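Since the structure comes first, as structure tokens, the remarks are kept for the end.
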Amino acid sequence: MAAGYAGKLACFLIKDQFGDLVHSVCECLISRGQLSLPEIGSFTLLARPHLASCLLVLIQHNCVQAFKVLDEDNLEARLRYTAIVDHVVLRACFPLFLELIREKTGNDQSEELALGLLQHGRLTLEQLIKRDAECSNSEDAQSQFMEAFTNLLQHKLVERCPRPEAVLGFSDNAGDGRPAKKARGSSKKRSLPLNFETQVRRVLAAAAPMEAERFRGPSRWIMDEDAAASTPSTSEKRKHGALWDSSSMDEKEVLWRVNFEECVKLLRHKACASHVNFSFGSDAKTVVEAMLEATRKTETTVKAAFSDALTLNDILILRSDWTAPVVRNALKRMVEEGFINSVGDAGSHYTVAMQKIVELARKTEVESIVSQRFGKPSSRILRLLSKKGGSEQKAISEKCLIPDKEAWQLLYQLMKERYIELQEVPKSAGDRAPARTFYLWHVDFSKLSSVVLEDMYHAAYNLHRQIEHRLEHEKELLIIPTTGSLSNEQQQKLDRLQSIVKILEVSIFKLMNTIMLYDFY
């Protein structure tokens, strides 16, 4: 199902954070796809109570979604479960999410609320209030909580959780691996089972609440202390205040979580602005940032190709310190390079070409990776092939200023690592004699992106394993003796271990940033 090192990394993260039993269930779902409870039990050999507890943990932390598929007679089929690999992998990006939330809200308490949701997966508003009461000693804790939570809602950084059980119609079946059947009264065959990612998208779409419901806050905040005091509660809750009208049982049971989709969207915007800054400077970056922020609420998907269109006047009023010549010049330069599209009557409107910016950022990153792994001459070759397309070895050697023998070695090294490909073009049909055949080197960036992404997942997996190995090897240093302190030699070993682990964690943090660029943007 979710093959490769992305699946291995996801399984490792679950094992590291939730233990072996939960890991066995998650690994089963990732490797085998959508399964029913009895099927998971038969593969994992876990007792029913343990299996149910493991699934509850995975659902609580947004790593698994339950669903049913109606059969041809609209009778409910057995409940099935599917792993959400993207959500599991994004657990390694929680530090990025918290940094983003802090920047976006400018509110420490909003960040603290988001941290609680990331730690616990899903919480009711009542649980959030209780947690906030335990962490806060402020006399104005009630209004501060309301402000922080509302701030997160307004930025769409938190959302109501999806339905606990999605229901798919038979025609929307996400595929369960069984052979396609013929429809009743029809000679046409049903479509083949969908791939794993498409299956998960169908299930998540069916489970998601409507947009208006998804970001709807509590039905009524209660500001009156007398009204709050009249609600049955503990003394601690009275001190904090009954913050909302919880007369409806449905309202009390609503679960909230951090909106991963919005976090990824905002990180994508940051990545676009960063690449614009690299290519055009700070003025252009500021313009793109403002345009993306102004049109963010109208983006319907994380991977939208373009932002909504804005006129020059629309853009100018976004910042009071801008002047028309500066903005107009920045827009002109970006339009020439395709970073901004000029649309509408006489090109009077502008849209940010986000997908193209992301693709160019990926190419820049690949060139950097090739330069680090194989040297600058190899990077020059890759850059030439990405611009000129298919080229012969002699032309590559001349244009990149590399001797023929060295160019030949570098080309075959890059081909061995699947960064470039060699295409044979015969001068006449059917005649592939070497003397009468052109040998053209070229880059297929769609394939190259997959290769680079798999290599990065492999590296991230290895870094996590390296941390696990070092901590396991030196675990006696992490258990401080109850009788006495560490010796000087032990303290030095512990300091060295902590330093190595910190370096590895920073490397993972940077690597996840790049993985986001290739897999989520």
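FYI, it's all coordinate maths here, none of it is from the lab. Everything quoted here is computed from the prediction, not taken from an experiment. As a convention, Cβ positions derive from the backbone with ideal geometry for all residues, glycine included, and neighbour counts pool all protein chains shown.
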For an R0 of 51 angstrom, estimate the FRET efficiency from the Cβ-Cβ distance between GLU213 and MET415 and round to the nearest 0.05. 0.45
If the chain between ASP444 and SER42 were fully extended at 0.36 nm per residue, the gain over the current Cα-Cα distance would be 140.5 nm
With +1 assigned to the C-beta of every Lys and Arg and -1 to the C-beta of every Asp and Glu, and no other charges, what is the dipole magnitude of region 376-443 about the Cα centre in debye, to the nearest 20? 200
Using label points projected 7 Å from each Cα along Cα→Cβ, tell me how many nm separate ASP140 and ARG78, to one decimal. 5.8
HIS50 and GLU251 label points (each 7 Å along its Cα→Cβ direction) are spaced in nm at 4.3
Once R0 is set to 25 Å, what does the formula 1/(1 + (r/R0)^6) return for the Cβ-Cβ distance between LEU504 and SER31, expressed as a FRET efficiency to the nearest 0.05? 0.40
Can you give the convex hull volume of the alpha carbon atoms of region 265-356 per residue, in Å³? 88
